[in-house]
Amino acid sequence: LLDTSRAVNGLRVPASVQELVAAQKLPLEQLSVEVWAALMAGTEGALVGVVFKASGFLGKGWYLGWESDTSSPVAAQHTVTFVMTLSTEATDNFGRGGLATVRATFPKLQVAQHWVHVGATYDGRHLALYVNGSLAATEPACRRQFCGRITYPMRDTTYVLNDLHLSIGALEFNGRKLRHNGYIAMVRVMGQAVEEPQMRAAAARLT
């Protein structure tokens, strides 16, 4: 359970991103990530990832999260948008990175306060987002045919001044603290891009 009273700062891997990359413990060439989560409250939240983005910077790393739109007075029109953001070598700009994003929107009544399986992949060319085992959206990860390795926010003397960590349930993004208010049952990060049949099987596993 992640809320304002428990695990307010989420969970994080103690080793820094720099240490994890050096030990080959974070995906570089390809990526698959899956999360079982229940969204209970709030307007946005981070499920898992590591990303650096400050005002005026393009950002590095990746994360999987969600946003909620409840502006309509009709509850049936409220939505939840799942978001995957990722930086690659091809989107890097003067060492500051550049983030590509894929989004998929669902009626809030369909996905909020229920267990939802959210997955995302990067295969070197495209980002793909899966919800409950079905492909929900795809986007090019860059404007080239091949986008290269995932770039991570490594500590330097210019842009990234502190160690960053792989986090679950909370994330600092563009000066904001994104906290997931709800439940997370499982997180899995893999170094290859799985395809839809494998993601569908993963979504069926917990049910």
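Under the criterion of Cα pairs below 8 Å and six or more residues apart, the relative contact order for the chain equals 34 percent. Calculate, for residue 25 and residue 74, the FRET efficiency according to 1/(1 + (r/R0)^6) with r their C-beta to C-beta distance and R0 45 Å; round to the nearest 0.05. Here the calculated transfer efficiency is 0.45.
Computed log10 I(q)/I(0) for segment 1-160 at 0.10, 0.12, 0.19 Å⁻¹: -0.39, -0.56, -1.26, from the Debye equation with unit scatterers placed on every C-alpha and solvent omitted. Take the Cα of residue 12, step 7 Å toward its Cβ, do the same at residue 41, and the gap between the two points is 2.4 nm. Highest-first packing order for the peptide set 169-182, 44-57, 89-102 is 44-57, 169-182, 89-102, based on the mean count of other beta carbon atoms within 10 Å.
With R₀ fixed at 22 Å, the C-beta to C-beta distance from residue 190 to residue 135 puts the FRET efficiency at about 0.80. Here the simple spin-label model places points 7 Å from the Cα toward Cβ, and for residue 158 and residue 67 these points are separated by 2.9 nm. Charge dipole (Cα centre; +1 on Lys/Arg Cβ, -1 on Asp/Glu Cβ; no other charges) of the chain amounts to roughly 140 debye. The protection proxy used here, the mean number of other Cβ atoms lying within 10 Å of each residue, ranks peptides 78-86, 66-74 as follows, highest first: 78-86, 66-74. Which percent of the accessible area of the chain is formed by carbon and sulfur heavy atoms (probe 1.4 angstrom)? Answer for the chain is 48 percent, counting heavy atoms of protein chains only. Remark: the chain carries 50 Å² of accessible area per residue (probe radius 1.4 Å; ligands, DNA and RNA excluded).
The values are calculated or read from the model by the stated rules, or taken from the named source; none is laboratory data. The shown structure was predicted, so the numbers you read here are calculated from the model rather than taken from an experiment. Don't worry about glycine lacking a Cβ; one is built from the backbone with ideal geometry, like all the others, and counts go over all protein chains shown. Note: areas computed on protein heavy atoms with side chains; ligands, DNA, RNA excluded. Shrake-Rupley method; radii C 1.70, N 1.55, O 1.52, S 1.80 Å.
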